[in-house]
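S.K.: The structure under discussion is supplied below as C-alpha coordinates; questions concerning it will follow.
The values are calculated or read from the model by the stated rules, or taken from the named source; none is laboratory data. Here the structure is a predicted model, which is why all the values come from computation and not from measurement. For neighbour counting, all protein chains shown are included, and Cβ atoms are generated from backbone atoms with ideal geometry for every residue, glycine included. The protein model used for the area step is the full one, side chains on, heavy atoms only, and it has no ligands, DNA or RNA in it. Shrake-Rupley method; radii C 1.70, N 1.55, O 1.52, S 1.80 Å.
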Amino acid sequence: MLRQIKPRTARSKRVLEKRAPKAVENPKNALFLRGTTCSQVTQDALADLFALRQLHGKRFHKKNAVHPFDDASSLCFFSEKNDCSLLLFGSTSKKRPHTITFARTFDYKMLDMLEFSLDASTFRSINQFKTKKVPVGTRPLIVFAGTAFESPVPNEFTMAKSMLLDFFRGETSDKIDVEGLQYCVVVTADEPTTTAADDPASKPVLHLRVYQIRTKRSGQKLPRVEVEEQGPRMDFRLGRMQAPDEGMLKEAMRRAKTSDERTKKNISTNTIGDKIGRIHLGKLDLSELQTRKMKGLKRERDPHLLDDDSDGGDSAAHPAPSKKVEKTKRKKI
(Lines give C-alpha, C1' and ligand atoms only; values in the text may rest on other atoms or scores of the structure.)
Protein backbone atom coordinates (compact mmCIF):
# COMPACT_ATOMS: atom_id res chain seq x y z
CA MET A 1 0.00 0.00 0.00
CA LEU A 2 1.28 3.46 -0.91
CA ARG A 3 2.11 5.78 1.93
CA GLN A 4 0.07 8.92 2.51
CA ILE A 5 1.80 12.23 3.33
CA LYS A 6 -0.27 15.13 4.62
CA PRO A 7 1.01 18.50 3.31
CA ARG A 8 1.62 21.29 5.78
CA THR A 9 2.10 24.21 3.40
CA ALA A 10 0.63 25.26 0.07
CA ARG A 11 3.98 24.70 -1.65
CA SER A 12 4.28 21.14 -0.37
CA LYS A 13 0.67 20.53 -1.45
CA ARG A 14 1.49 21.59 -5.03
CA VAL A 15 4.57 19.38 -5.08
CA LEU A 16 2.59 16.37 -3.82
CA GLU A 17 -0.17 16.96 -6.37
CA LYS A 18 2.47 17.04 -9.12
CA ARG A 19 3.97 13.76 -7.92
CA ALA A 20 0.63 12.06 -7.25
CA PRO A 21 -0.45 9.15 -9.50
CA LYS A 22 -2.43 10.19 -12.58
CA ALA A 23 -4.59 8.40 -15.13
CA VAL A 24 -2.15 9.56 -17.84
CA GLU A 25 1.31 9.59 -16.29
CA ASN A 26 3.93 12.22 -16.96
CA PRO A 27 7.04 11.17 -18.90
CA LYS A 28 9.60 9.51 -16.63
CA ASN A 29 12.57 11.60 -15.59
CA ALA A 30 16.01 9.99 -15.71
CA LEU A 31 18.86 10.72 -13.30
CA PHE A 32 22.47 10.23 -14.46
CA LEU A 33 25.14 9.83 -11.77
CA ARG A 34 28.57 8.26 -11.37
CA GLY A 35 30.38 6.30 -8.69
CA THR A 36 33.67 6.95 -6.97
CA THR A 37 35.57 5.23 -9.79
CA CYS A 38 34.25 5.84 -13.28
CA SER A 39 36.30 5.62 -16.48
CA GLN A 40 36.26 8.30 -19.14
CA VAL A 41 34.58 5.92 -21.58
CA THR A 42 31.72 5.37 -19.15
CA GLN A 43 31.39 9.12 -18.55
CA ASP A 44 31.24 9.78 -22.29
CA ALA A 45 28.58 7.09 -22.69
CA LEU A 46 26.49 8.65 -19.91
CA ALA A 47 26.88 12.07 -21.54
CA ASP A 48 25.65 10.72 -24.89
CA LEU A 49 22.66 9.02 -23.31
CA PHE A 50 21.88 12.23 -21.44
CA ALA A 51 21.97 14.14 -24.74
CA LEU A 52 19.30 11.83 -26.15
CA ARG A 53 17.09 12.46 -23.11
CA GLN A 54 18.10 15.97 -22.17
CA LEU A 55 14.52 17.24 -21.95
CA HIS A 56 13.53 14.75 -19.22
CA GLY A 57 16.82 14.12 -17.47
CA LYS A 58 19.15 15.34 -14.72
CA ARG A 59 22.87 14.74 -14.46
CA PHE A 60 25.16 14.72 -11.42
CA HIS A 61 28.85 15.45 -11.94
CA LYS A 62 30.13 14.70 -8.43
CA LYS A 63 31.26 11.29 -7.24
CA ASN A 64 28.87 9.17 -5.18
CA ALA A 65 29.92 6.26 -3.00
CA VAL A 66 27.06 4.01 -4.06
CA HIS A 67 26.96 0.25 -4.61
CA PRO A 68 23.52 -0.44 -6.13
CA PHE A 69 23.40 -4.22 -5.71
CA ASP A 70 24.71 -4.08 -2.13
CA ASP A 71 22.69 -1.14 -0.82
CA ALA A 72 20.19 0.73 -3.00
CA SER A 73 18.98 3.13 -0.29
CA SER A 74 21.09 6.00 -1.70
CA LEU A 75 19.56 5.58 -5.15
CA CYS A 76 16.07 5.56 -3.63
CA PHE A 77 16.92 8.79 -1.79
CA PHE A 78 18.13 10.46 -5.02
CA SER A 79 15.01 9.22 -6.81
CA GLU A 80 12.68 10.81 -4.26
CA LYS A 81 14.71 13.99 -3.94
CA ASN A 82 14.79 14.67 -7.70
CA ASP A 83 11.48 13.00 -8.67
CA CYS A 84 13.19 10.57 -11.07
CA SER A 85 11.98 7.01 -11.57
CA LEU A 86 14.82 6.05 -13.96
CA LEU A 87 18.42 6.02 -12.76
CA LEU A 88 21.62 5.38 -14.74
CA PHE A 89 24.67 4.75 -12.57
CA GLY A 90 28.13 4.57 -14.13
CA SER A 91 31.02 2.80 -12.42
CA THR A 92 34.28 1.03 -13.19
CA SER A 93 36.07 -1.75 -11.32
CA LYS A 94 38.69 -4.36 -12.10
CA LYS A 95 36.09 -7.12 -12.19
CA ARG A 96 33.39 -5.10 -13.98
CA PRO A 97 34.92 -2.35 -16.15
CA HIS A 98 32.83 0.29 -17.96
CA THR A 99 29.50 -0.64 -16.34
CA ILE A 100 26.22 1.29 -16.60
CA THR A 101 23.50 0.14 -14.22
CA PHE A 102 19.90 0.84 -15.24
CA ALA A 103 17.51 1.05 -12.27
CA ARG A 104 13.78 1.73 -11.99
CA THR A 105 11.86 2.79 -8.89
CA PHE A 106 8.19 2.66 -7.92
CA ASP A 107 6.93 4.87 -5.11
CA TYR A 108 10.61 5.80 -4.67
CA LYS A 109 11.46 2.19 -3.81
CA MET A 110 13.77 0.06 -5.91
CA LEU A 111 11.80 -1.99 -8.45
CA ASP A 112 14.47 -3.68 -10.61
CA MET A 113 18.07 -3.23 -11.77
CA LEU A 114 20.21 -4.46 -14.67
CA GLU A 115 23.90 -4.07 -15.50
CA PHE A 116 25.11 -3.12 -19.00
CA SER A 117 28.83 -3.78 -19.56
CA LEU A 118 30.09 -1.42 -22.27
CA ASP A 119 32.67 -2.54 -24.82
CA ALA A 120 35.24 0.28 -24.88
CA SER A 121 36.91 -0.89 -28.12
CA THR A 122 33.78 -0.41 -30.27
CA PHE A 123 32.33 2.64 -28.51
CA ARG A 124 31.87 5.78 -30.62
CA SER A 125 30.42 8.98 -29.16
CA ILE A 126 28.09 11.43 -30.85
CA ASN A 127 30.91 13.94 -31.42
CA GLN A 128 32.80 11.44 -33.59
CA PHE A 129 29.96 11.45 -36.18
CA LYS A 130 30.10 14.60 -38.29
CA THR A 131 26.40 14.73 -39.15
CA LYS A 132 23.53 17.06 -38.43
CA LYS A 133 22.06 16.34 -35.01
CA VAL A 134 18.39 15.78 -34.25
CA PRO A 135 16.59 18.55 -32.29
CA VAL A 136 16.15 18.00 -28.56
CA GLY A 137 12.82 16.46 -27.55
CA THR A 138 12.23 14.51 -30.76
CA ARG A 139 10.67 11.09 -30.22
CA PRO A 140 12.46 8.22 -31.97
CA LEU A 141 11.39 5.04 -33.68
CA ILE A 142 12.52 2.01 -31.65
CA VAL A 143 13.37 -1.33 -33.27
CA PHE A 144 14.34 -4.53 -31.41
CA ALA A 145 15.81 -7.31 -33.54
CA GLY A 146 16.81 -10.75 -32.28
CA THR A 147 15.26 -13.91 -30.89
CA ALA A 148 16.62 -13.13 -27.40
CA PHE A 149 13.96 -10.41 -26.96
CA GLU A 150 11.13 -12.84 -27.79
CA SER A 151 11.63 -15.19 -24.85
CA PRO A 152 8.31 -16.24 -23.22
CA VAL A 153 10.08 -16.49 -19.85
CA PRO A 154 11.18 -13.18 -18.27
CA ASN A 155 14.96 -12.90 -18.31
CA GLU A 156 17.65 -10.23 -18.57
CA PHE A 157 16.96 -9.58 -22.28
CA THR A 158 13.24 -8.99 -21.82
CA MET A 159 14.11 -6.70 -18.89
CA ALA A 160 16.63 -4.85 -21.08
CA LYS A 161 13.95 -4.35 -23.72
CA SER A 162 11.52 -2.99 -21.14
CA MET A 163 14.11 -0.61 -19.67
CA LEU A 164 15.23 0.73 -23.03
CA LEU A 165 11.61 1.31 -24.02
CA ASP A 166 11.03 3.29 -20.85
CA PHE A 167 14.20 5.26 -21.46
CA PHE A 168 13.49 6.28 -25.06
CA ARG A 169 9.67 6.50 -24.89
CA GLY A 170 9.17 10.13 -23.90
CA GLU A 171 5.74 11.71 -23.84
CA THR A 172 2.64 9.79 -24.88
CA SER A 173 0.56 11.21 -27.73
CA ASP A 174 -2.44 10.11 -29.80
CA LYS A 175 -1.27 11.64 -33.09
CA ILE A 176 2.05 11.31 -34.90
CA ASP A 177 3.49 13.76 -37.41
CA VAL A 178 5.44 11.97 -40.12
CA GLU A 179 7.81 14.92 -40.45
CA GLY A 180 8.67 14.54 -36.76
CA LEU A 181 10.08 11.03 -37.23
CA GLN A 182 13.68 12.13 -37.66
CA TYR A 183 15.75 9.39 -36.03
CA CYS A 184 15.57 5.71 -35.19
CA VAL A 185 17.05 3.65 -32.36
CA VAL A 186 17.92 0.07 -33.32
CA VAL A 187 18.82 -2.54 -30.68
CA THR A 188 20.08 -5.85 -32.09
CA ALA A 189 20.87 -9.01 -30.11
CA ASP A 190 23.30 -11.59 -31.49
CA GLU A 191 22.66 -15.30 -31.33
CA PRO A 192 24.39 -17.25 -28.54
CA THR A 193 27.66 -18.86 -29.59
CA THR A 194 27.83 -21.74 -27.06
CA THR A 195 25.39 -23.69 -24.96
CA ALA A 196 27.09 -22.99 -21.62
CA ALA A 197 24.71 -20.84 -19.62
CA ASP A 198 27.30 -19.79 -17.02
CA ASP A 199 29.81 -18.57 -19.60
CA PRO A 200 29.40 -14.78 -19.95
CA ALA A 201 30.95 -14.89 -23.43
CA SER A 202 28.08 -17.08 -24.65
CA LYS A 203 25.45 -14.44 -23.94
CA PRO A 204 24.28 -12.41 -26.94
CA VAL A 205 25.81 -8.96 -27.39
CA LEU A 206 23.45 -5.99 -27.61
CA HIS A 207 24.27 -3.51 -30.36
CA LEU A 208 22.77 -0.04 -29.84
CA ARG A 209 22.74 2.13 -32.96
CA VAL A 210 21.10 5.50 -33.61
CA TYR A 211 20.27 6.49 -37.20
CA GLN A 212 18.98 9.72 -38.64
CA ILE A 213 16.04 9.36 -41.07
CA ARG A 214 16.10 11.42 -44.24
CA THR A 215 13.41 11.60 -46.91
CA LYS A 216 14.32 12.50 -50.47
CA ARG A 217 12.43 12.90 -53.71
CA SER A 218 11.77 9.69 -55.57
CA GLY A 219 9.56 10.89 -58.46
CA GLN A 220 6.62 8.99 -56.96
CA LYS A 221 4.01 9.61 -54.30
CA LEU A 222 6.08 8.01 -51.54
CA PRO A 223 9.50 9.56 -50.80
CA ARG A 224 12.75 7.66 -50.77
CA VAL A 225 13.92 7.01 -47.21
CA GLU A 226 17.59 6.90 -46.27
CA VAL A 227 19.25 6.42 -42.89
CA GLU A 228 22.59 7.76 -41.70
CA GLU A 229 24.27 6.86 -38.43
CA GLN A 230 24.53 9.81 -36.07
CA GLY A 231 25.76 8.13 -32.87
CA PRO A 232 26.26 7.01 -30.25
CA ARG A 233 27.45 3.49 -31.11
CA MET A 234 27.46 1.13 -28.13
CA ASP A 235 27.88 -2.60 -27.64
CA PHE A 236 26.76 -4.12 -24.34
CA ARG A 237 26.94 -7.42 -22.50
CA LEU A 238 24.34 -7.95 -19.79
CA GLY A 239 25.58 -8.61 -16.27
CA ARG A 240 23.89 -8.82 -12.88
CA MET A 241 20.16 -8.26 -12.57
CA GLN A 242 17.65 -7.78 -9.77
CA ALA A 243 14.18 -9.01 -10.71
CA PRO A 244 11.17 -7.01 -9.49
CA ASP A 245 9.05 -8.17 -6.58
CA GLU A 246 5.76 -9.69 -7.76
CA GLY A 247 3.59 -7.64 -5.40
CA MET A 248 5.35 -4.37 -6.24
CA LEU A 249 5.27 -5.12 -9.97
CA LYS A 250 1.53 -5.83 -9.81
CA GLU A 251 0.99 -2.54 -7.98
CA ALA A 252 3.12 -0.67 -10.52
CA MET A 253 1.25 -2.14 -13.51
CA ARG A 254 -2.18 -1.26 -12.13
CA ARG A 255 -4.14 1.26 -14.18
CA ALA A 256 -6.51 3.85 -12.82
CA LYS A 257 -10.22 3.51 -13.47
CA THR A 258 -11.42 6.17 -15.89
CA SER A 259 -14.86 7.47 -16.72
CA ASP A 260 -14.56 6.37 -20.34
CA GLU A 261 -17.28 3.96 -21.39
CA ARG A 262 -15.96 0.49 -22.06
CA THR A 263 -16.67 -1.15 -25.38
CA LYS A 264 -19.40 -3.78 -25.15
CA LYS A 265 -19.13 -7.01 -27.07
CA ASN A 266 -21.51 -7.72 -29.99
CA ILE A 267 -22.94 -4.18 -29.91
CA SER A 268 -22.24 -1.76 -32.74
CA THR A 269 -23.69 1.37 -34.30
CA ASN A 270 -24.43 1.69 -38.01
CA THR A 271 -24.00 4.76 -40.20
CA ILE A 272 -27.47 6.04 -39.40
CA GLY A 273 -26.82 5.93 -35.68
CA ASP A 274 -28.97 2.93 -34.76
CA LYS A 275 -27.59 0.53 -32.17
CA ILE A 276 -27.33 -3.03 -33.46
CA GLY A 277 -26.89 -6.00 -31.15
CA ARG A 278 -25.92 -9.56 -32.01
CA ILE A 279 -27.37 -12.45 -29.99
CA HIS A 280 -25.88 -15.94 -30.10
CA LEU A 281 -28.39 -18.77 -29.60
CA GLY A 282 -28.00 -22.51 -29.45
CA LYS A 283 -29.31 -25.03 -31.98
CA LEU A 284 -33.12 -24.92 -32.18
CA ASP A 285 -35.34 -28.03 -32.27
CA LEU A 286 -37.81 -27.29 -35.10
CA SER A 287 -39.78 -30.51 -34.56
CA GLU A 288 -41.53 -29.01 -31.55
CA LEU A 289 -42.24 -25.73 -33.28
CA GLN A 290 -45.97 -24.89 -33.19
CA THR A 291 -47.12 -23.57 -36.54
CA ARG A 292 -50.32 -21.83 -37.53
CA LYS A 293 -53.28 -24.14 -38.28
CA MET A 294 -54.36 -23.70 -41.92
CA LYS A 295 -56.70 -25.63 -44.14
CA GLY A 296 -53.97 -26.29 -46.66
CA LEU A 297 -51.79 -27.92 -44.01
CA LYS A 298 -54.37 -30.58 -43.02
CA ARG A 299 -53.69 -34.22 -43.87
CA GLU A 300 -55.33 -35.66 -46.99
CA ARG A 301 -57.79 -38.58 -46.96
CA ASP A 302 -56.79 -42.20 -47.57
CA PRO A 303 -55.43 -42.45 -51.11
CA HIS A 304 -56.99 -45.95 -51.62
CA LEU A 305 -60.44 -44.57 -51.07
CA LEU A 306 -59.76 -41.81 -53.54
CA ASP A 307 -58.76 -44.36 -56.21
CA ASP A 308 -61.96 -46.41 -55.74
CA ASP A 309 -64.15 -43.35 -56.08
CA SER A 310 -62.43 -42.33 -59.26
CA ASP A 311 -63.02 -45.81 -60.85
CA GLY A 312 -66.85 -45.34 -60.73
CA GLY A 313 -67.70 -48.45 -58.66
CA ASP A 314 -71.11 -49.38 -57.30
CA SER A 315 -72.41 -46.99 -54.81
CA ALA A 316 -74.05 -49.86 -52.92
CA ALA A 317 -70.68 -51.48 -52.36
CA HIS A 318 -69.62 -48.36 -50.66
CA PRO A 319 -72.69 -46.99 -48.96
CA ALA A 320 -72.54 -43.54 -47.62
CA PRO A 321 -72.15 -43.37 -43.89
CA SER A 322 -75.46 -42.74 -42.15
CA LYS A 323 -75.82 -39.90 -39.79
CA LYS A 324 -77.17 -40.72 -36.42
CA VAL A 325 -79.59 -38.19 -35.15
CA GLU A 326 -79.83 -38.02 -31.46
CA LYS A 327 -83.24 -37.24 -30.15
CA THR A 328 -83.42 -35.02 -27.22
CA LYS A 329 -86.14 -35.36 -24.70
CA ARG A 330 -87.79 -32.26 -23.58
CA LYS A 331 -89.07 -32.08 -20.12
CA LYS A 332 -92.61 -31.03 -19.67
CA ILE A 333 -93.03 -28.05 -17.56
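S.K.: Within segment 87-108, which residues are in contact with a helix residue (DSSP H, G or I) (Cβ under 6 Å, 6 or more places away or on another chain) and touching a residue at least 60 places away in the same chain (Cβ under 8 Å)?
M.R.: Of everything in segment 87-108, those that are in contact with a helix residue (DSSP H, G or I) (Cβ under 6 Å, 6 or more places away or on another chain) and touching a residue at least 60 places away in the same chain (Cβ under 8 Å) turn out to be 102, 106.
S.K.: Here's something else I'd like to know. Please enumerate the residues belonging to segment 128-160 that are in contact with a Cys (Cβ under 7 Å, 6 or more places away or on another chain) and open to solvent by 40 Å² or more (accessible area, probe 1.4 Å).
M.R.: Result: 141, 143.
S.K.: Regarding residue 125, is this residue closer than 26 Å to residue 27 by Cβ, surrounded by 16 or more Cβ atoms within 10 Å (Cβ to Cβ), out of contact with any strand residue (DSSP E or B) (no Cβ under 8 Å at 6 or more places or on another chain) and not β-branched (Val, Ile, Thr)?
M.R.: Judged against the criteria, residue 125 is a match.
S.K.: Considering segment 119-149 alone, what residues qualify as being touching a Gly at 6+ places or on another chain (Cβ under 9 Å) and under 17 Å from residue 46 (Cβ atoms)?
M.R.: Of everything in segment 119-149, those that are touching a Gly at 6+ places or on another chain (Cβ under 9 Å) and under 17 Å from residue 46 (Cβ atoms) turn out to be 124, 125, 126, 127, 128.
S.K.: How about segment 104-119: which of its residues are charged (D, E, K, R) and assigned to a strand (DSSP E or B)?
M.R.: Answer for segment 104-119, where residues must be charged (D, E, K, R) and assigned to a strand (DSSP E or B): 104, 109, 112, 115.
S.K.: Would you call residue 166 acidic (Asp, Glu), modelled with pLDDT of 90 or more and under 15 Å from the mean Cα position of the chain (by Cα)?
M.R.: Here the answer is yes, as residue 166 does meet what is asked.
S.K.: How about segment 1-103: which helices (runs of 4 or more DSSP H) wholly inside it have at least 3 residues that are closer than 21 Å to residue 206 by Cα and open to solvent by less than 30 Å² (accessible area, probe 1.4 Å)?
M.R.: Per the criteria, 40-52.
S.K.: Taking segment 253-281 only, how many residues are in contact with a strand residue (DSSP E or B) (Cβ under 8 Å, 6 or more places away or on another chain), in a loop (DSSP other than H, G, I, E, B) and not charged (D, E, K, R)?
M.R.: The qualifying residues number 2.
S.K.: Taking strands (runs of 3 or more DSSP E) that do not extend beyond segment 151-252, which have at least 1 residues that are small (Gly, Ala, Ser)?
M.R.: Passing ranges, in order: 183-189, 234-242.
S.K.: Restricting the first residue to segment 272-290 and requiring it to be open to solvent by 100 Å² or more (accessible area, probe 1.4 Å), which pairs with a second residue that is in a loop (DSSP other than H, G, I, E, B) meet a Cβ separation below 6 Å and a spacing of at least six or different chains?
M.R.: 278/266
S.K.: Select from segment 60-81 the residues that are of a type outside the set (A, V, I, L, M) and over 29 Å from the mean Cα position of the chain (by Cα) and list them in ascending order.
M.R.: If the condition is that a residue be of a type outside the set (A, V, I, L, M) and over 29 Å from the mean Cα position of the chain (by Cα), then 60, 61, 62, 63, 64, 67, 70, 71, 73, 74, 77, 81 are the ones that fit.
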